[in-house]
Structures are given as structure tokens and as C-alpha cells.
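Worksheet: one structure, shown below.
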Amino acid sequence: MAIKIKINGQWHEFEPGRDIEPAMTLSWLLREKIGLTGLKVACDEGACGACTVLMDGKAVLSCMTLAARAHGHEILTIEGLPEDDPLIRAFADQCEPGYGTALQCGFCTPGFVMTAKALLNENPKPAPGEIKEGLSGNICRCGCYPGIARAVLRASHFGCEPDGKSAVRASAESAPKGCRP
Amino acid sequence: MTRTPRPYTPRVARKFIGGYRPRIDALEKAGGKAQFVDDLTLKSRFPGMLYAKVLRSPYAHARIKSIDASRAGQLPGVKAVLTCKDPEVSELLPTSAGWTDGVDTVSYERMMWPHLRDRRVLGDHACWVTDEVGAVVAAESERIAEEALEAIKVEWEILPFVLDPLEAMKPGAPVIHPEIAPRNILPKDAVGGKDVFVDKGDADKGFAEADVVVEAVSVHHNATQSSLDNWCCLVDWKSDKLTVLSNSYEADQSRMHISQMLKVPINKVRVISSYVGGQFGRGDTGDQPFFLFTALLSKKTGRPVKFRHTRRESFHDSRQPAIYTGKAGAKKDGTITTMYFKAIGNSGAYADHTMFALKFAPTEITASALAHIPNVRMESYGVYTNKLPACMMRGVGNSQFNLIFGHVVDMLAEKLSMDPIALALKNFGHQWGGLPDKSLERVLREGAGRIGWRAKRHKPGAGPVYDRVKKRGVGFSFHPGWHAEWQEARRGEIRVRITVNPDCSVTLDAPTVETGTGSSTCNVLGCAEALGFLGIGPGDIVSPHTVDTETGLKDCVQTDSAVSYLQSEVIACAAREVKHRLQEKAAKLMKARPEELDIADGRVYRKAAAGIGMTVRDVFRRGDMLPVVVEMGRPPNAEKTGVPYIANFAEVEVDTSTGKVQVLKLVVINDCGTVMYASGAEAQQIGGQVTGVGEALTEEIIYDEATGVPLNFNWIDYRIPTMADMPDIEPVLLEVWRGAGEYGACGVGEGTVTCTPRAVLNAVYNAIGARIDEIPLKPEKVLKALGLVTE
């Protein structure tokens, strides 16, 4: 029986034995077989969150998920988000004084964006404490946690407004003096 | 905790430099489009690619008596096996993983520690558990490569080992590199000097004459860089040419290393570095043996070979643990007359840059912070043990030194009944300025104000008690900043190239490996600032993030936190030359002499009659349409401008029933000279605290003392702080001191880590009134200090 996985909106079929082996992880399948390199494998043991993708809208660590386990499910990787996704924009644009940027080396960033996506799916207007708790399974060694928290807060408060006002504009409007996004 | 961020006010208002703005690579990275080396080397991109795996020592100290890899070579899917018995391996020269101090490119002959060539590529001598020794295989998959390693039969001679440097120094201890260090103590070296490497005035006399003397110990441990992007490389050796994709941060040095070790001409080695997922000093200068054995496998198979570390294997280098003793003597009025520091550093299995940390960094500090102390003595000993090798790590040597320095200052202030801020201002500055030092004064005043020093600082252990068992305290530590431009003279010439196209779009070639520091954004901002006369902005400038030794200029090595301004200084010079060339071009068309013309907002005009002129675009269009290309190189400005100061202030809460320390707030203050890129500088100030707090509280490599096996080479047991573990951090950017050149900036990134552990320790002392000499500050140490538990 073929293993069917919907990846970024498109169904893929994998033949067990040829495409998928029982011990193959979802991260391996997505990166090495499909070439979706947005997710990163940094620890390969569920400690850092860099490989986070969404399965049916919820965050999963793809290095801890067997590829076969995704059969019949919908996987969303960062490549599946639109370019103007409010969260991506908010991560990119964070420069509010006092919080630094939301990324530096950028290696952990896709994992943080996807974890934040899942958080906002469940809780569209999280309080700062809820953001802290929701993102505490991810490691950013560059240490951009305050910038990340700020970006998520902004995306949640400005990103989903019905007039389509993006987080970029929202952040520009509310940015304190001195910020030139 | 709420606060209103206070953006800094620039000393000189500039259009682009110093702004709060997104990074130039932010969108690419946020959208997951940035490609790191592991992404660029997928098998789908290199269909014939093989994977390399190297044999690792299961023993802390052992020698390979015999090795039989015949069965491994016969496994299906295994394409090559190399062992220490093969001549192409055994004939490789002994080497060091620290050829340079990380700023310039040097040859094998000129390597920094020629007397410490303690590494053999795939040698037969294993010096720590995990050491890469004996054999390497190339196979169709990593799994097959691992199976092949298991099929290699090794007969080991297990040797006695030693983990503790104090034990290793004793007569009769197991000797690790007898040919280099017969007693495990690294020999004296030309770079760092004698064991007593600073001896100013007369320290003994100074102590004898002092009114007050304090003595302290501080122990810094084996923290590790933990870049998320594990070491990875791909080598493709086709006919006589070798191409390397790597995440080393020093492309030009990597090329030199590979060229010389494998005896291939420099122009036949091409090293390409894309985005790198965090560096933090990892791997010293990139002179890693694995580049060489991966290359040899590619040569042998004729196929591209990829080698990457697992997370466990990426525990590959660390900060030098150091046991420091410090002593200070002062007059009753708080004038410090004498200081003495002694370090015993644990270099681990290989020396690498141990002596850089133990001697070079403290020597720099002597010339700056300790310049006004008449009697100073420092001595250091680097010691081989069978632990993880120690190398460069963010704030090399300074973190360890600050841990004792800030300790002694705090203790001395207490004994003198002085505020440590007053004591610091009375004594520390730099050689080229008087006391009190303006930079230090402002840094400490800002820190004190923002942490609430006056209100919160109380007598040790004598503050209020919260929730029946919790006590709070505040503390700080300070350090001379680095690096001003004059401290980068060793780097040699820095080259950049600016190309102004006929449409006034610009290509900037200012190569430096993009490890996340923000210096590439600084370069683009600096370029836009310097080319302001073209009427362009950062968006009009393209600056490739990839460093390629074949097509680009030499990369400015991503070290010393200095790249953020070093290249911009040269860009400013190059931009002046661009202007000059454009004036020459326009002069022909405008029938004027170049010096009669000026350029502003993209328009060339006569100085005497601003109304007469033409746009720069028209100069190109009516002229030869050739872009203006200016390539320029110059060494850093060696003018001695002194150094600025940095400090961290911490507020902590200690649960006296459990020993748990929680950092409530950190204020991070950097006098930057000039803030090159405010958001990036803040990100470094804030970000460095993850390493600083981790080193202070939770991060530690734990070994099984009976076997030397490291027990926590993973991020579950080696605990890096997450968002939930981090306190509120207030970044404070200042421009008080000024260096040489257009901007007169200094490095920011590394120093942000340096003062954190000591600031936390001093705050803990203020909270509980008991001093703890060792980090990480785990609860059991706090309970022991409080007398609630014994050994």
C-alpha cells in the first residue's frame, strides 16, 4: 500500500521499501527526498525544535516523527507559507528598539516560525507569557528570544486583520521613534 | 516586567549607519530560503555523492596496535576505506587546528603554534573519547558508512588517562603528548611569552606594602559553542582540482590549510562558504583534519564526498576551562597598588588556541584596564588532559579572566567598605587616558541607573526575604571592550570592491562568511552611507553572501567582533575614490576640471554654479557606459586610541531552600564608539546572554570520571537556556569613546558574553552573603555555600 502524505497542499505517494523505510524520519523524507530544506536538522533527537513542521495544523518535531506516521496527514513546511505570510514578515521586520532582531544566523528561524504558526492556530492572540511558554521548546543559540517574542506578538495583533493590513505596515506605524523598517 | 525601551541617540546623525532596521538577509532567512551547507549538498544536487564517517575513539586515551579494515571495504555500498596505515594518510604532516589567531591567513611554516603541532590526521593515537582516529570510510549512505566502521577490527592499547589539569601536572601522571609536553604542561611559546608573562613593577613588594589584600579563586568550565549548524563539508576532487563547500568561517585560511597539507597549488583549491548557522569561535581557524580526510576520500573515489557531524559529534570544541587565582592589594583610600593573577587552563586533548586564551587576552587587558595599576604579575599554564579540546569561543580568554577580575574587585570593595563602582572608577582606565575613564564612568552609571543599584544593593545577604525563602541581590562586572581598529593591525590588508553600474545600482564585494553576526548588513549600510552622493540607499546595493575563494576577494575573517566596522572603514575610502573617478568621467563631458565638480544626490554639478550639471546616470549614458570599479585594500588604522568599556548588571533571586538561582534582569551596556547598526548590535547584546546565562547557570559538560566518557553530548542534558529560562534583558548602546577613522567603532558581539557569569555571581553573593567560586551555579553549589548540604 502506498503511503500518501499531503505536503504543502499537494498529495505525494511513496512506495514503502523504495521511497520510505520503516525507520525513516519525516525530517529525512522532507529534506533528503523532497528537497524541502527550510526545516533544519540540528540535534536529530527532539531537543531543539529546528525541524518543526505542522501536521494537521499542529507543530511536530519532524526528526522525532516517522515518515510513515504522516500517512493520510497534511504536512505544512515553511515553504508552504506564502511569501507575505504575516509571521514571516514579522520575524524579518523586527527591529523595535530594545528587543534586537528576531534572527541572526537564521538556522533556527524556520523552526521558530512554524512553532509560532501552530501557537497562533491554537491561540490567535497569545499573551507574552503564553508566547514564552509556547516557544520554549526551540533553541536559538544566537539568543534572539526577545525579538522573536516581539515578532510573534506583532503578527498576532496586526497580522490577521481583515483588511489585509500586513504586519510590516502595522509595525512601521506603531514603531517607536528611531525605527526605520 | 514592563519597561519602555530607550533607543540610543547617535553622536553623529547619519542616514543609514547606526539605524534601527531589519537585517539585509532577514526575509530570506525568515522564509526558510537561506541555504546552509547541509542544504546545498543534498544528494539530489550531487547525484554521485558519497558520505564519509570517521572512526572515533571509545577510550579517553589509547593507541591503535593493529587495524584491519578488509571486511569493511567489502561491504556493499562501501566505496573507499582509508586507515592510518595508508601512505597518503601517514605521510601527512603533523598539524595544529590553530594555525592563525583567526584574523589573517598564514602558512604551515608560519602557523601560530609551530611547537604545538599535536594533531595527526587520522593518527593512531586517541587522546579523548570521540577523537577522530585510525580510519575513515566513504559509502553510498551514512548508514552503510556506519556499518562499515563497525566492521573495522581495531586492537587498542588502552592507556592511562587524566581529566583534571591539577592531576595532570603532577609527576607520574599519564603523559598525553610526551614529545611536546613531557609533563603535560604546554611549553613556553614565542607568542604568549614565558609562564610569568606579565611582570610590571614589583608585585611582592606591592602586596607587602598594601593596607588591604584580598585573594580569590574562580573556576570556569568546559562550555561549548553549540552552533545549531553542525560541522559539514563536501569535497569534490576532480582531476587536479579540489572544490570544498564548508561552514568554516575562514575560507581563505581553509584554502591555505588544504593546499599546504595536501600539496595542491592554491589556485587548484576552491573553498565556498554560504550562510553559516552560528559560529561563536567554533573550530578555531577551520584547520580541521576532517577537511583533509574527506578530500582524500574524494580523490580516491573520484566522487564528491560529504562529511557532517551528528549533534553528538559537534561537541567538538569548547571554551578553555580555567582555574584562576587572583589577588589584589590596595591602600585604605581604595587605590589599587598590586594585582596578581595565575591561571591553570585545561587545554583538553589538543593545544589549539589554549595559550591565546591564557596569555594573549590577559596581556591585552593589562595594557588597557590595568594600565594604572603599578604592580601587576600574571602567570599561566596550559595543561593537556584527555578531555574535549578547548579552542576559540566567543570572548576567548576574556570570559575566564573576567570571572576572577570581577571577583577580586567585588571582594576588595567589600573589604574597603567602598561601592565597587567607585573602586572601579578610581583604578581602571587605559594606557592612553587618565582616571576616571569617561567610557567606564558612563557605562557604570547607565548600568547602575537601569538596574536600580542604589535602591537594590544592600549588605551581602541582608536584603528583604520574599516568599519566606527567596533572597534577591544585584551585582555587576565590567571589562575593557574589544576590538578597536588598532587592535586589528595583525589582520593585515582588508580588501573591498565597489562596482557602480551605469544605472547607479551597486555591487559590493566585501566578503566575510555570514555567520549571523550582522556584519554583512553593516557593510551594506556603510556602503550606502559612503555612496550617499549617488542618492542611493541600501536597497540599491547587492552584496553576495557567499564567499568563494576563486571568484571573490579574500574574506575578512569573522572574528574579534570587528568585521562590523573594519570593512566599512575601507568601503568609506573606496567610496571616495569612486567619487573621484566619477568626477573625472564627468569632467570630460562637462568640459571642466574634476576638482571643479562635486556630486550630491546622484547629480554632478559645478561647485561654482550648482545649477549647471548632469545626473550621474547621464554621465554613464553619454560616456563609455563602463561601470566604475574600485578595488581597495588597506591595513587597519594603527593609531592608538585606547579602548572603550563594557559592563553587565544583574539582578538575581535565590531560593535558599532549593538553591535555585533565577536571573531576574540583565542590563548589558556597550560603549561602541559608533553604533554601526543598532538592531544588530542590540541583537548581539541580548543574544549573548543566552550563552552568558547558560555558562553561568546550566551549561556544563559532564564526564564519567572512571572512564573519561562525556555523558551529555546532547541538548537535553547540556542545557542551553530557552525563551522561558531567560530574564528581561535591557540592551544599552553608548557612544562615549571614539576610535580612529571614519566611524571609530569597536567590536560588540563577543564582549556581551564576557561579564555575564561574574555579574550573576556577584549578584548571588549580594543576595545570600556567601561566595561561590565555580560556575555553572547549580543548586547544589548554592546549598553548599549556604551550609545546607555538605560534600
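Values in this text are rule-based calculations from the coordinates and carry no lab data. Owing to the predicted nature of the structure, the values given are computational and were not obtained by experimental measurement. Cβ atoms come from the backbone with ideal geometry, glycine included; neighbour counts cover every protein chain shown.
Would you be so kind as to identify which of B:Gln225, B:Ser274, B:Val235 lies farthest towards the positive end of the dipole of segment B:196-310, taking Lys and Arg as +1 and Asp and Glu as -1 on Cβ and the Cα centre as origin?
B:Val235
Place a +1 charge on the Cβ of each Lys and Arg in the protein assembly as shown and a -1 charge on the Cβ of each Asp and Glu, then give the dipole magnitude about the Cα centre in debye, rounded to the nearest 20.
Working: 115 positive and 118 negative charges, 332 e Å.
Computed charge dipole of the protein assembly as shown: roughly 1600 debye.
Using a 10 Å cut-off on Cβ atoms, rank the peptides A:97-108, B:478-489, B:327-338, A:119-130 from the highest mean neighbour count down.
Result, highest mean first: A:97-108, B:478-489, B:327-338, A:119-130.
Taking the Cα atoms of segment B:565-702, what is the range of coordinates along each of the three principal axes, in descending order and whole Å?
Principal extents (Cα only, largest first): 85, 30, 29 Å.
Restricting attention to segment B:1-33, which trypsin sites (Lys or Arg not before Pro) occupy a DSSP loop and are surrounded by at most 12 other Cβ atoms within 10 Å? Numbers along the way, then the final one.
Values: sites: B:Arg3, B:Arg11, B:Arg14, B:Lys15, B:Arg23, B:Lys29, B:Lys33; in loops: B:Arg3, B:Arg11, B:Arg14, B:Lys15, B:Arg23, B:Lys33.
Of the trypsin sites (Lys or Arg not before Pro), the ones in loops of segment B:1-33 whose Cβ has at most 12 other Cβ atoms within 10 Å are B:Arg3.
Cα centroid distance between segment B:489-521 and segment B:223-278, in Å?
Going from one Cα centre to the other spans 20 Å.
Ranking B:Ser274, B:Ser44, B:Ser520, B:Ser239 by Cβ neighbours within 10 Å, fewest first, what do you get?
So the residues, fewest neighbours to most, are B:Ser239, B:Ser44, B:Ser274, B:Ser520.
What FRET efficiency do you get for B:Asp704 and B:Ala724 if R0 is 35 Å and r is their Cβ-Cβ distance, rounded to the nearest 0.05? Provide the component values of the computation, followed by the final result.
Details: r = 30 Å, r/R0 = 0.85.
After rounding to 0.05, the efficiency reads 0.70.
Over all residues in B:717-725, what is the mean tally of Cβ atoms on other chains that come within 10 Å of each residue's Cβ? Numbers along the way, then the final one.
Numbers: counts 1, 1, 1, 6, 6, 10, 17, 8, 3.
That works out to 6 on average.
List the extent of the Cα atoms of segment B:493-634 along each of their three principal axes, largest first, rounded to whole Å.
Principal-axis extents of segment B:493-634 (Cα, largest first): 48, 26, 26 Å.
One quarter of the convex hull surface, Cα atoms only: what value does that give for segment A:3-80 in nm²? List each step's numbers first, then the result.
Values: hull surface 17.4 nm².
Taking the Cα atoms of segment A:3-80, their convex hull projects to 4.4 nm² on average.
Based only on Cα atoms, what Rg/Rh ratio does segment B:142-218 have, Rh being taken as Kirkwood's radius? Walk me through the numbers before you get to the answer.
Details: Rg = 22.5 Å, Rh = 17.9 Å.
Rg/Rh: 1.26.
Taking the Cα of B:Ala638, stepping 7 Å toward and past its beta carbon, and measuring to each backbone N in segment B:667-690: which are under 11 Å?
No residue qualifies, since no backbone N sits under 11 Å from the label point.
What is the order of B:Ile144, B:Ile775, A:Ile148, fewest Cβ neighbours within 10 Å to most? Walk me through the intermediate numbers first.
Working: B:Ile144 21, B:Ile775 25, A:Ile148 29.
Result, fewest neighbours first: B:Ile144, B:Ile775, A:Ile148.
Packing-wise, with mean Cβ within 10 Å as the measure, how do A:11-22, B:425-436 rank, highest first?
On the way: A:11-22: 13.0, B:425-436: 18.5.
Ranked from most to least packed, the peptides come out as B:425-436, A:11-22.
Show which lysines lie in cross-link reach of B:Lys607 when reach means a straight Cα distance below 18 angstrom and same-chain residues fewer than eight apart are skipped.
B:Lys579, B:Lys585, B:Lys588, B:Lys591
Show which lysines lie in cross-link reach of B:Lys332 when reach means a straight Cα distance below 17 angstrom and same-chain residues fewer than eight apart are skipped.
B:Lys205, B:Lys415, B:Lys426
Quick one: Karplus J couplings for segment B:108-123, per residue in order, coefficients 6.51, -1.76, 1.60, θ = phi - 60°, nearest Hz, x for Gly and Pro?
4, 5, 9, 4, 5, 10, x, 8, 10, 7, 9, 9, 10, 6, 6, x
Where the only charges are on Cβ atoms (+1 Lys, Arg; -1 Asp, Glu), what is the dipole of segment A:3-80 about its Cα centre, to the nearest 20 debye?
Details: 8 positive and 10 negative charges, 23 e Å.
So the magnitude is around 100 debye.
Per-residue mean of other chain beta-carbon atoms within 10 angstrom of the beta-carbon, peptide B:682-693? Write down the numbers at each step before the final one.
Values: counts 10, 13, 6, 2, 10, 13, 2, 3, 7, 3, 1, 1.
If you average over the peptide's residues, the count of other-chain Cβ atoms is 6.
All other residues with a Cβ under 10 Å from the Cβ of B:Ala328 taken together, and with Lys, Arg as +1 and Asp, Glu as -1, what is their net charge? Each step should come with its number before you reach the end.
Working: positive: B:Lys327, B:Lys415; negative: B:Glu215.
Computed value for this residue: +1.
Add -39500 (n - 2.57) for each DSSP H run of 4 or more in chain B, then divide by its residues: what number comes out at 222 nm, to the nearest 500 deg cm²/dmol?
-7500 deg cm²/dmol
What's the magnitude of the charge dipole for chain B around its Cα centre, counting Lys and Arg as +1 and Asp and Glu as -1 at the beta-carbon? Answer in Debye, nearest 20. Show your work: numbers first, answer last.
Working: 96 positive and 97 negative charges, 297 e Å.
The calculation lands at about 1420 debye.
What is the log10 of I(q)/I(0) for the protein assembly as shown, computed with the Debye formula using one identical point scatterer on each Cα and no solvent, at q = 0.05, 0.06 Å⁻¹?
-0.29, -0.43
Take A:Glu45 and B:Lys85, extend 7 Å from each Cα along the Cα→Cβ direction, and tell me the distance between the two endpoints in nm.
It is 3.4 nm.
For chain B, what is one quarter of the convex hull surface built on the Cα atoms, given in nm²? If you can, show how the numbers build up before the last one.
Details: hull surface 143.4 nm².
If I average the Cα hull's projected area over directions, I get 35.8 nm².
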